[in-house]
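Any read-out appearing in this document is the output of simple, stated calculations on the displayed coordinates, not a laboratory observation. Since the model is a prediction, treat every value here as computed from it, not as a measurement. Because the Cβ atoms are built from the backbone with ideal geometry, glycine has one as well, and the counts that use them run over all protein chains shown.
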Amino acid sequence: MRLVRFHLGDRQARVGVLHSGTVTELAAAGSLSDLLALPLDRIRAACEHPGGAASPAALVELLAPVDGRTEVWAAGVTYERSRTARMAESGQSADVYDRVYAAERPELFFKSTAWRVSGPGEPVSVRSDSVIDVPEPELAVVLNAAGEVAGYTICNDMSSRSIEGENPLYLPQAKIYLGGCAAGPWIVPAWEVPGA
């Protein structure tokens, strides 16, 4: 089972479950953000008993699994092997990254509003004022309003490394722009992941 945002020919965004080649709309939620406002047990019940119209998967267009009232946040400096590279890129401010790797508090930053996220098959963007731009494929954790893990998806955190390297305070300019984030194509519900 996969949780999806999609539309049919009418271009109205819907939320449903993809299972065995069929997408079934969730009757209990008009949007993904409505669904994620529920407690985890109710999200699971809604997904296991969708109750809405069913369509062959080939007839729907999948959308990014974020909508109007959801946001994308990211955690930085999470890989030990990238420590040296991040410090080298940062020149005189390299110690900022060194301190983050040793700190108790993680580097968390706002990545995107829903309307800036590229969906499945859509292009991502790079800034024209940056000379070093990198894709950063990430595992994304989807939380409900209570902070419970509702599922997992994939995300591409595009980064303008030359801008961030000039000054760590430029992080928003290096990370937050139209097409600088891609997500999807679906959310794997937490209860579908063994050992999660």
Taking 0.36 nm per residue of separation between GLU48 and VAL131 and subtracting their Cα-Cα distance, the length gained on full extension comes to 25.2 nm
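Quick check on the chain: helices-only [θ] at 222 nm, where DSSP H runs of length 4 and up contribute -39,500 (n - 2.57) each and the sum goes over total residues. Nearest 500, please.
On the way: 6 runs with 41 residues, N = 196.
Estimated from H runs of four or more residues: -5000 deg cm²/dmol.
If one computes P(r) from the Cα atoms of the stretch 2-63, what percent of pairs lie at distances over 13 Å? Walk me through the numbers before you get to the answer.
On the way: 1049 of 1891 pairs.
Value for the stretch 2-63: 55 percent of Cα pairs lie more than 13 Å apart.
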With R₀ set to 25 angstrom, the calculated FRET efficiency between the beta-carbons of SER55 and ILE154, to the nearest 0.05, is 0.55
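Calculate, in nm to one decimal, what ALA13 and GLU104 gain on full extension: separation in residues at 0.36 nm each, minus their alpha carbon distance. Intermediate values should be presented prior to the final figure.
Values: separation 91, 0.36 × 91 = 32.76 nm, distance 4.00 nm.
The ALA13-GLU104 span can extend by a further 28.8 nm.
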Taking the alpha-carbon centre of each part, the distance from the stretch 52-73 to the stretch 151-176 in Å is 25
